[in-house]
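Novice: I'd like to ask some things about the structure below.
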Amino acid sequence: MHLPPILQSSRTWAQIDLNAIVHNLGVVRRANPGAMLIPVVKAGAYGHGLEPVARVLEQEGLAFFGVANVGEARRLAHASIRTKPYILGPTLLEEREEIVINGWQTFASTLDDIEHFNSLGQKCGKIVPLHLAFDLGMGRGGFLPSQLPELPSLIKSCHHVCINGVSSHLPSADEDEAATRQQIATFDSIVATLSPHFQLTYRHLANSAAAMAFSVPTANAIRPGLVLYGVSPVATPWQDELRPTLSLYSRITLIRELPAGQSISYGQTYRTTTSTKIATVGIGYADGLPRILARNGVCLSVHGILCPVLGRVTMDQVVIDVSHVPHAQLGDVVEVIGPHIPITTLATQAETIPWEIFTGIGPRVYRYYNS
Ligand SMILES: *Cc1c(COP(=O)(O)O)cnc(C)c1O
């Protein structure tokens, strides 16, 4: 592998393909013709880098960017991203004036929320756009569907808010088809009930799994996250069209031949059984290599050859067996996620999900953009 100069002095980097993210957005768009897009770029665009990803996606004609909180919304604004953030989680009282002043979009889960935003609208001389969120089983926020009948009359007196959308979030779109169909039906009836009272410009509940596997008759916007980063949480005919967006690499920092009976790493959980050529690699759990890998017989790839991890992953380093890589040498590139090790494989071996692997890639890991 030829390394560009900036990487020659790096020991661990994520190679990020921004064009692939744009391409994947196109796949999602084709799978959901006509839907408005709220690409989710929370948690540093799932480890890919908030600002660089927002900058390329912004050209694609979006409704909003999905962010987790006000801090991420602020970063988009500082980066002069014009597409407004949509804040996906509940907000603290102290955070809301900033939302109102900047015209960011969020939602209400309670009448208190609506009244508070109304009073801030009054104070700032603004009409605050708000979506009404509904809890269909996720339990993190939203009105209960049973509160629906009383809502329109209670909201009508709040003249400084404008209900411009309705939203929900599906808790098991990638696990329970029957429950998800039921929740979608409930959403459709909520939209039908609210429509005569409000101009519901934005109607959305689909994450990646729902966007790729379900149709929602009354929705007109989707909030895809993971699928933009190349992984569909559900089996879909579109899977083959998605492109991987991130590879994770490190380098061999030391090579030694150890005799039989030598212990490796903390707790001495591994012992060589024969003379073994071992490599120390400059990546650890602080970089996002899950510590749990040690017990699951995981391999990293050197020159396309899979090399078992020996002993526990430490904070900054890990040891692998390179006995079967004849030309392995100091400085060689080690693939952790890439063509030979898909993120889904690493996630399974780490007994977790791709979302956690992506967002666990640490701040110390250099992000290299090849586009
Ligand atoms: C994170 C998040 C999403 C995106 O989820 P994916 O499964 O990554 O597509 C969508 N909506 C909400 C409310 C979220 O918090």
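Novice: For the subset of segment 41-50 comprising residues that are in contact with a helix residue (DSSP H, G or I) (Cβ under 8 Å, 6 or more places away or on another chain) and either more than 17 Å from Gly225 (Cβ to Cβ) or not in a helix (DSSP H, G or I) (or both), which member is nearest to the ligand (Cβ to nearest atom)?
Specialist: Going residue by residue through segment 41-50, those that are in contact with a helix residue (DSSP H, G or I) (Cβ under 8 Å, 6 or more places away or on another chain) are 41-48, 50.
With either more than 17 Å from Gly225 (Cβ to Cβ) or not in a helix (DSSP H, G or I) (or both) added as a condition, the list becomes 41, 48.
Details: Val41: 10, His48: 12 Å.
Looking at the filtered set, the residue picked out is Val41.
Novice: What's the total number of residues in segment 220-235 that are under 25 Å from His131 (Cβ atoms), more than 9 Å from the ligand (Cβ to nearest atom) and not hydrophobic (A, V, I, L, M, F, W, C)?
Specialist: Count: 1.
Novice: Farther than 24 Å from Ala108 by Cβ, within 14 Å of the ligand (Cβ to nearest atom) and not polar (S, T, N, Q): is that true of Glu241 in this structure?
Specialist: no
Novice: Same structure, new question: Looking at Gly103 and the list (1) crowded, with 17+ Cβ neighbours inside 10 Å; (2) under 18 Å from Ala68 (Cα atoms), which single condition is not satisfied?
Specialist: (1)
Novice: Please name all residue pairs, on different chains or six or more residues apart, with Cβ atoms under 7 Å, provided the first residue is in segment 342-358 and is closer than 13 Å to Leu246 by Cβ and the second residue is open to solvent by 50 Å² or more (accessible area, probe 1.4 Å).
Specialist: So the pair list comes out as Ala347/Ile353; Pro354/Thr344.
Novice: So, one more: Can you go through Ala185, Ala209 and tell me which one is within 12 Å of the ligand (Cβ to nearest atom), out of contact with any His (no Cβ under 9 Å at 6 or more places or on another chain), free of Cβ contacts under 8 Å to residues at least 40 places away in the same chain and farther than 23 Å from Asp113 by Cβ?
Specialist: On the way: Ala185 fails: within 12 Å of the ligand (Cβ to nearest atom).
Every option except Ala209 fails the conditions.
Novice: Which one is farthest from Gly142 (Cα to Cα), of the residues in segment 59-70 that are within 15 Å of the ligand (Cβ to nearest atom) and in contact with a Leu (Cβ under 7 Å, 6 or more places away or on another chain)?
Specialist: Leu62
Novice: Taking the stated definitions as given, is Asn118 in contact with a Pro (Cβ under 6 Å, 6 or more places away or on another chain) and buried (at least 17 other Cβ atoms within 10 Å of the Cβ)?
Specialist: no
Novice: In the list Tyr266, Tyr285, which residue meets the criterion of being surrounded by fewer than 17 Cβ atoms within 10 Å (Cβ to Cβ), in contact (Cβ under 8 Å) with a residue 24 or more places away in the chain and within 29 Å of Pro363 (Cβ to Cβ)? Spell out the reasoning first.
Specialist: Working: Tyr285 fails: surrounded by fewer than 17 Cβ atoms within 10 Å (Cβ to Cβ).
One residue alone meets the criteria, Tyr266.
Novice: Taking interchain pairs and intrachain pairs at least six residues apart, which have beta carbon atoms under 7 angstrom, with the first residue in segment 161-175 and within 16 Å of Phe214 (Cβ to Cβ) and the second open to solvent by 50 Å² or more (accessible area, probe 1.4 Å) and more than 12 Å from the ligand (Cβ to nearest atom)?
Specialist: Pro171/Gly137
Novice: What residue, among those in segment 40-64 that are under 10 Å from the mean Cα position of the chain (by Cα) and of a type outside the set (Gly, Ala, Ser), is surrounded by the fewest Cβ atoms within 10 Å (Cβ to Cβ)?
Specialist: Among residues in segment 40-64 that are under 10 Å from the mean Cα position of the chain (by Cα) and of a type outside the set (Gly, Ala, Ser), the one surrounded by the fewest Cβ atoms within 10 Å (Cβ to Cβ) is Lys42.
Novice: Could you grab me the full set of residues in segment 343-359 that are under 16 Å from the mean Cα position of the chain (by Cα) and either among the aromatic types (Phe, Trp, Tyr) or surrounded by fewer than 19 Cβ atoms within 10 Å (Cβ to Cβ) (or both)?
Specialist: The answer is Thr344, Thr352, Ile353, Trp355, Glu356, Phe358, Thr359.
Novice: Now a separate question. Output the residue which, of all residues in segment 3-40 that are in contact (Cβ under 8 Å) with a residue 60 or more places away in the chain and among the β-branched types (Val, Ile, Thr), is farthest from the ligand (Cβ to nearest atom).
Specialist: Applying the filter and picking the extreme gives Ile6.
Novice: Considering only segment 71-93, state which residues are closer than 20 Å to Leu37 by Cα, away from the ligand (no atom under 11 Å from the Cβ), aliphatic (A, V, I, L, M) and not in a loop (DSSP other than H, G, I, E, B).
Specialist: Ala73, Leu76, Ala77
Novice: While we're on this one: Any idea which of (1) touching a residue at least 12 places away in the same chain (Cβ under 8 Å); (2) more than 24 Å from Gln8 (Cα to Cα) is the one Pro237 doesn't satisfy?
Specialist: Here Pro237 meets the rest and fails (1).
Novice: May I ask you to list the residues in segment 190-209 that are over 14 Å from Leu132 (Cα atoms) and over 24 Å from the mean Cα position of the chain (by Cα)?
Specialist: Pro196
Novice: Leu76 - would you say it is buried (at least 22 other Cβ atoms within 10 Å of the Cβ) and out of contact with any Ser or Thr (no Cβ under 7 Å at 6 or more places or on another chain)?
Specialist: Values: buried (at least 22 other Cβ atoms within 10 Å of the Cβ): yes; out of contact with any Ser or Thr (no Cβ under 7 Å at 6 or more places or on another chain): yes.
Taking the combined requirement at face value, the residue satisfies it.
The values are calculated or read from the model by the stated rules, or taken from the named source; none is laboratory data. Here the structure is a predicted model, which means the values were calculated and not measured. Here Cβ is always computed from backbone atoms with ideal geometry, including for glycine, and neighbour counts include all displayed protein chains. Note: accessible area is taken over every heavy atom of the protein model, side chains too, but ligands, DNA and RNA are not part of it. Shrake-Rupley method; radii C 1.70, N 1.55, O 1.52, S 1.80 Å.
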